[in-house]
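Comments concern the structure below.
The values are calculated or read from the model by the stated rules, or taken from the named source; none is laboratory data. None of the values given here were measured: they were computed from a predicted structure. Virtual Cβ from ideal backbone geometry, glycine too; neighbours counted across all protein chains shown.
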Amino acid sequence: MNTPIKPRPRPQVMRLTENAAEHIRGILAKAERPVAGVRVGVKNGGCAGMEYTMEYADAVNATDEVVEDKGVKLLIDPKAVLFLLGTEMDFKVDKLTSGFVFNNPNQTSACGCGTSVAITPAGEPAHDHAH
């Protein structure tokens, strides 16, 4: 009897801390319409070059990378997969702010506001900007 060869599991692009998962589950529970998941991506902008984006997704796109962690479905924009590989998403509350925090091993620099970052795609060497 031949056992089919299973494809090697792909590494999970992102993972959530319990705090982040709990917060997203709470937000989704209050959503006024059915939500397929939370789409996470990156876009050009901000003082360090790139910003993380998060939005409700009504449906899963065929090209989305789907990550299910701690009861939450994250839909990763295909253009962002290499930028987000290995990222842990957390939710932090301190005296002044509360919000999602991305602990990203590909991040090469960030600005003081914490929402704008420079990210090198996984597998590419970080470029040294000193000339």
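Look through region 61-81, keep the residues that are of a type in the set (D, E, K, R) and exposed (fewer than 13 other Cβ atoms within 10 Å of the Cβ), and return whichever of them is modelled with the highest pLDDT.
First, pick out the residues of region 61-81 that are of a type in the set (D, E, K, R): 64-65, 68-70, 73, 77, 79.
Checking the rest, the ones that are also exposed (fewer than 13 other Cβ atoms within 10 Å of the Cβ) come to 68, 79.
Details: Glu68: 94, Lys79: 91.
Top of the filtered list is Glu68.
Going by what's in this entry, would Asn106 be described as exposed (fewer than 13 other Cβ atoms within 10 Å of the Cβ), modelled with pLDDT under 90 and farther than 18 Å from Leu28 by Cβ? Full working, then the answer.
Values: exposed (fewer than 13 other Cβ atoms within 10 Å of the Cβ): no; modelled with pLDDT under 90: yes; farther than 18 Å from Leu28 by Cβ: yes.
The answer is no for Asn106.
Within region 1-53, which residues are touching a Lys or Arg at 6+ places or on another chain (Cβ under 6 Å) and at pLDDT 90 or above?
Going through region 1-53, the residues touching a Lys or Arg at 6+ places or on another chain (Cβ under 6 Å) turn out to be 16, 21, 37, 51, 53.
Once the filter is applied, which keeps residues that are touching a Lys or Arg at 6+ places or on another chain (Cβ under 6 Å) and at pLDDT 90 or above, region 1-53 yields Leu16, Ala21, Gly37, Thr53.
Please enumerate the residues belonging to region 51-101 that are in a loop (DSSP other than H, G, I, E, B), touching a residue at least 12 places away in the same chain (Cβ under 8 Å) and either hydrophobic (A, V, I, L, M, F, W, C) or touching a Ser or Thr at 6+ places or on another chain (Cβ under 9 Å) (or both).
The initial filter retains those residues of region 51-101 that are in a loop (DSSP other than H, G, I, E, B), namely 58-64, 70-71, 77, 85-86, 94-97.
Going one step further and asking which of them are touching a residue at least 12 places away in the same chain (Cβ under 8 Å), we end up with 58-61, 63-64, 70-71, 77, 85-86.
Ala59, Val60, Lys70, Asp77, Leu85 - these are the residues of region 51-101 that are in a loop (DSSP other than H, G, I, E, B), touching a residue at least 12 places away in the same chain (Cβ under 8 Å) and either hydrophobic (A, V, I, L, M, F, W, C) or touching a Ser or Thr at 6+ places or on another chain (Cβ under 9 Å) (or both).
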Report task. Quick one: in region 27-50, of everything that is of a type in the set (A, V, I, L, M) and assigned to a strand (DSSP E or B), which residue is surrounded by the most Cβ atoms within 10 Å (Cβ to Cβ)? Result -> Val40
Query raised in the report: So which residues in region 51-60 are surrounded by 13 or more Cβ atoms within 10 Å (Cβ to Cβ) and farther than 17 Å from Phe100 by Cβ?
Result: Val60
